[in-house]
Amino acid sequence: MNPFHLAIPVTDLAKCRKFYNEVLQCSEGRSAEKWVDFNFFGHQLVIHEKSNGSTSEKAVSNQVDGHDVPVPHFGVVLDWEDWHKLADRLKAQEIKFVLEPYIRFEGEVGEQATMFFTDPENNALEFKAFKNIGQLFAK
């Protein structure tokens, strides 16, 4: 599978750079005065400084498995064990979760571990793992 590329706007480049480097442990790639590339779990994430300061303050969500899931959001699907390690590391760092790590659709097709939190710019991130990765796109 080829890596995806995602570019997101931020108003505080330094604060977000620190978050993706230190909290998520994403290694930094190329950068310039107004943008930074990260290795986001094998994918390319770029944060671009947006100078006008306009970021959405209105929270939007959809119901999924009885929980309010923030929309939009992005993230990656990890291996089951790696997801648990990340969840433990984030809890130890006292990350404020939008949705605490839990198992969604337990015992059903598509059973998955999931967690949601935000970066310093309030961009919602979801990290998930499937007990059976073959059910990633199952109906």
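The values are calculated or read from the model by the stated rules, or taken from the named source; none is laboratory data. As the structure is a prediction and not an experimental result, all values here were calculated from the model. Note that we place each Cβ from the backbone using ideal geometry, even for glycine, and neighbour counts take in every protein chain shown. Calculation scope for accessible area: heavy atoms of the full protein, side chains included, ligands and nucleic acids excluded. Shrake-Rupley method; radii C 1.70, N 1.55, O 1.52, S 1.80 Å.
With every protein chain in place and a 1.4 angstrom probe, the accessible-area ranking of 119, 12, largest first, reads 12, 119.
Hand me the GluC sites (Glu not before Pro) from the stretch 1-84 located in a DSSP loop with no more than 16 other Cβ atoms within 10 Å, in residue order please. Taking the stretch 1-84 and a limit of 16 other Cβ atoms within 10 Å, the loop GluC sites (Glu not before Pro) found are 33, 57.
Note that the chain presents 60 Å² accessible area per residue, ligands and nucleic acids not counted, probe 1.4 Å. Structural descriptor for the chain: relative contact order 20 percent, calculated from alpha carbon pairs under 8 angstrom and at least 6 residues apart.
Inter-label distance, residue 81 to residue 100: 2.7 nm, where each label sits 7 Å from its Cα along the C-beta direction. Roughly what % of Cα-Cα distances in the chain sit above 25 Å, to the whole percent? Taking all Cα-Cα pairs of the chain, the fraction more than 25 Å apart is 29 percent.
For the listed residue pairs 50/139; 50/96; 18/85; 34/85; 96/139, the alpha carbons are over 30 angstrom apart in 50/139; 34/85; 96/139. Placing unit charges on the Cβ atoms only, positive for Lys and Arg and negative for Asp and Glu, gives the chain a dipole magnitude near 240 debye about its Cα centre. To put it simply, the accessible area of the chain at a 1.4 Å probe is 49 percent carbon and sulfur.
Rounded to whole numbers, the Karplus 3J(HN,Hα) couplings from phi for the stretch 116-132 are 10, 8, 10, 7, x, 9, 6, 6, 7, 10, 10, 10, 9, 8, 9, 4, 10 Hz, using 6.51 cos²θ - 1.76 cosθ + 1.60 with θ = phi - 60°, and x at Gly and Pro. Helices in the chain, meaning DSSP H runs of at least 4 residues, each add -39500 (n - 2.57). Divided by all residues, the mean residue ellipticity at 222 nm is -4000 deg cm²/dmol.
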